[in-house]
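Just so it is clear, none of the values below were taken in a lab; they were calculated from the coordinates. Here the structure is a predicted model, which is why all the values come from computation and not from measurement. FYI the Cβ positions are ideal-geometry reconstructions off the backbone, even for glycines, and counts take in every protein chain you see.
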Amino acid sequence: NYLRWSSAMTSFLKGRKLWRIVTGDKPAPVKRPDETDDSFADRLEDWDSANHRILTWFTNTSVPSVNMHFSRFDLAKEAWDFLASRYTSADLAHQYQLVSTLNRLRQ
């Protein structure tokens with residue numbers, strides 16, 4: 001289920017031009033030396049709004065047992081990395097464990 005969700009969410013975020021926030025390629029803005037406080041505050045507010053919109057989409061498109069973990073994250077990238085590390089299982093040891101468990105199951 002995670003692989004299907006992450007693929008759909010990636011496509012959705014790319015379509016909304018928000019994927020770079022999730023990858024960390026577009027981090028929170030830093031105040032430039034020649035920038036006014038108001039201008040910086042506006043840029044930061046725009047970025048923060050997009051970041052929290054992504055976190056809200058993550059929460060609204062996942063099951064409660066998964067989205068209950070999102071409250072500890074302030075950055076969409078942190079939440080995405082958490083999900084990827086927790087629900088991506090490409091290693092052989094994990095695959096062996098799953099196959100072994102399936103073989104032991106009986107109807």
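The calculated 222 nm mean residue ellipticity attributable to helices in the chain amounts to -21000 deg cm²/dmol, summing -39500 (n - 2.57) over DSSP H runs of n ≥ 4 and dividing by all residues.
Rule-of-thumb check for the chain: C-alpha Rg over 2.2 N^0.38 Å?
1.42
A cut-off of 5 Å between modelled amide H atoms, ignoring neighbours fewer than 5 places along the same chain, links residue 26 with 21. What the phi angles of segment 62-70 give under the Karplus curve with 6.51, -1.76 and 1.60, with θ = phi - 60°, is a coupling list of 10, 6, x, 5, 8, 6, 5, 7, 6 Hz, glycine and proline written as x.
Cβ under 11 Å from residue 36's Cβ, residue 36 left aside: what net charge do those residues give with Lys, Arg +1 and Asp, Glu -1? Don't skip to the end; give the middle numbers.
On the way: positive: 31, 32, 43; negative: 34, 35, 37, 38, 42.
Net charge around residue 36: -2.
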